[in-house]
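> My questions all concern the structure below.
The values are calculated or read from the model by the stated rules, or taken from the named source; none is laboratory data. No experiment lies behind these values; they were computed from the predicted model shown. When we count neighbours, we look across all protein chains shown, and the Cβ atoms used for this are built from the backbone with ideal geometry, even at glycine. In case anyone asks, the SASA skips ligands and DNA or RNA and just uses the protein heavy atoms, side chains included. Shrake-Rupley method; radii C 1.70, N 1.55, O 1.52, S 1.80 Å.
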Amino acid sequence: MIQRQPSRLGVLVVIGSALLAAAPDARAARPGRQGGGFDILESLIGMPGVSTREQLVRDRIRTLLPAWARPDVDAKGNLLVVTGPDRAAKTLLFIAHMDETGFLVTAIREDGALDVRPVGGFFETLYEGQVVLVHAAKGDVGGVVPPRPTYLDDSAAESPAAFGKEEVRVDVGASSRAVAESLGIAPGDPVTVPKAFQRLYGSFGSGRAVDDRAGCTALLLALRGIDPKTLRHKIIFAFSVEEEIGLEGAKALAQTLRPDLAIAVDTFVSSDSPLERPAFARAVLGKGPVVRAIDSSNITDPAIVDRVMALARQAGLPVQYGLTRGGNDGSVFPEYGVPNLALSWPTVHSHSAVEVINEKDLDGLGALVRAIAERW
């Protein structure tokens, strides 16, 4: 989900959650059930996919598609799967983005350190003092992000760009530019934290890039459950690129596709935390997927929201609805006369290394996508 910088309070919550995740009880917690959406999600999260560098994610999604699917890639890099009758009266588009926030290398200094720039909206200080991976041509190269010179300056931490554009760097241990280049590192290489999905107690899990690999997982769950021969409508499943830097992949799709309804599947940043006010963005983790009726980029037609809620009830699926911050890929379609809707799972600590999700919500979201595709 493309979004603005989180509040400092949100960062404190992230730090607290990271400490809890490292506690002995959390490490010993029983993992969630096997065979659900988390198995797919874990496979996708392991792939780095900083915006404009989504190829590994796209390749992994190809391997997870059902045997009948015939995927295609457009000029922008979006992965498309089309199913249903060719001459259907209606066309529905489901879209989830493959990319994530992170850094791109901009230059290699004479001393071997790397200058990087942020890609997408996040607190750069979340990487401070952390291990990272540079995804270079010869393979991943480990590195660290040294703390800011102003690390102990509280006033500096108030700024979302507390590092300063010239201060963010990655140290891979190279003593010179030549050594760094010998490792295969070059400007344009993406940088992420080490990617791993951690199952928490019960049905919870956490990892970097749950936004929006969970949306991709929901589309894959729906694709695996659908029988194309029974569909009444033409259904397009799109796995998009470059959402985090301005919905660029979706904009390319909107230039050529005119579905009857565009449905973005992306995160719902929830206030399900003791430190947040429940009056805004209230969606409880574990209580089902969420219909994003309003967000920073779109107000969905109430009639569409009501129809989805009714369809979910008919299918016996728990569902929530609400409003939150952030944008979604579907919001680029209304200017072309196409109504849009956003479906989500509730999450906390968005755009951090510890995004939290409940597997019940993820499986329910996949079931809701399938129900809409089959019954709309």
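> Which order do peptides 187-193, 290-296 fall in by mean Cβ count within 10 Å, highest first?
290-296, 187-193
> Follow-up question, since we're still on this one. Between the DSSP loop rule and a limit of at most 10 other Cβ atoms within 10 Å, which GluC sites (Glu not before Pro) in the stretch 99-130 are left?
For GluC sites (Glu not before Pro) across the stretch 99-130 that sit outside H, G, I, E and B with at most 10 neighbouring Cβ atoms in 10 Å, the list reads Glu110.
> How large is the accessible surface per residue of the stretch 310-376, computed with a 1.4 Å probe and reported in Å² as a whole number?
Heavy-atom SASA per residue in the stretch 310-376 reads 33 Å².
> Which percent of the accessible area of the stretch 195-265 is formed by carbon and sulfur heavy atoms (probe 1.4 angstrom)?
Reported share for carbon and sulfur atoms: 50 percent.
> Highest mean first, what order results for 253-260, 369-376 on Cβ atoms within 10 Å?
Listed from highest to lowest mean packing, they are 369-376, 253-260.
> Per residue of the stretch 248-265, what does 6.51 cos²θ - 1.76 cosθ + 1.60 with θ = phi - 60° give for ³J(HN,Hα)? Whole Hz please, x for Gly and Pro, Karplus curve as stated.
Calculated HN-Hα couplings, in order: 5, x, 5, 4, 5, 5, 5, 5, 10, 9, 10, x, 7, 7, 9, 10, 7, 10 Hz.
> Hey, what do the phi angles of the stretch 90-107 turn into as Karplus ³J(HN,Hα) couplings, whole Hz, using 6.51/-1.76/1.60 and θ = phi - 60°, x for Gly and Pro?
Coupling constants for the stretch 90-107: 10, 10, 10, 10, 9, 9, 9, 9, 8, 7, 9, 6, x, 10, 10, 5, 9, 6 Hz.
> Using the Cβ atoms and a cut-off under 13 Å, what net charge is assigned to the surroundings of Ile263, where Lys and Arg are +1 and Asp and Glu are -1?
Neighbourhood net charge equals 0.
> Below 16 Å, Cα to Cα, which lysines can Lys251 reach? Residues fewer than 8 away in the same chain don't count.
Once the sequence-local lysines are set aside, what remains near Lys251 is Lys76.
> If you don't mind, there's one more thing I want to ask. Give the ranking of Thr267, Thr106 by solvent-accessible surface, highest area first, calculated with a 1.4 Å probe.
Thr106, Thr267
> Have a look at Thr106, Val73, Ile95 and report the one farthest towards the positive end of the charge dipole of the stretch 71-117, computed about the Cα centre with Cβ charges (Lys/Arg +1, Asp/Glu -1).
Ile95
> If amide hydrogens are placed 1.01 Å from N in the peptide plane, which non-local residues have theirs closer than 5 Å to the one on Val132?
Here the answer is Gly143, Val144, Val145, since their amide H atoms fall under 5 Å of that of Val132.
> Follow-up question, since we're still on this one. Among the lysines, which fall within straight-line cross-link reach of Lys360, defined as a Cα-Cα distance under 20 Å, with same-chain neighbours fewer than 8 residues apart omitted?
Lys287
> Quick one: which residues, 5 or more positions from Val290 or on another chain, have an amide H under 5 Å from its amide H? H modelled 1.01 Å from N in the peptide plane, none for Pro or chain starts.
Sorted by chain and number, the residues that satisfy this are Gln320, Ser344, Trp345.
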